[in-house]
């Protein structure tokens, strides 16, 4: 999902499996299945989701003239 449910951040490393479904010639269509999937996915994620902070590796370099001793 490009826009997550909780705060709109992208969701990565997810796996979703469909275990059961049925088709009816009159009521079933591709768009009906897509709408149902999005609705159920959001409903489930709203109940289970936790917002985690992004983890990043940061490297900071400064000129030697700004490096000093820290006494705390």
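Summary of computed values
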| item | result |
| --- | --- |
| Mean residue ellipticity (222 nm) of the chain, computed from DSSP H runs ≥ 4 via -39,500 (n - 2.57), nearest 500 | -9000 deg cm²/dmol |
| Residue 69 paired with residue 36, simple spin-label distance in nm, labels 7 Å along Cα-to-beta-carbon | 7.2 nm |
| The range 1-49: Rg to Rh, with Rh as the Kirkwood radius over Cα pairs | 1.04 |
| Relative contact order (percent, whole number), the chain, Cα cutoff 8 Å, 6+ residue spacing | 30 percent |
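A short reminder: the numbers here are calculations on the coordinates, not readings from a lab. In this text, all values refer to a predicted model and were calculated from it rather than measured experimentally. All Cβ positions, glycine included, derive from the backbone under ideal geometry; neighbour counts span all protein chains shown.
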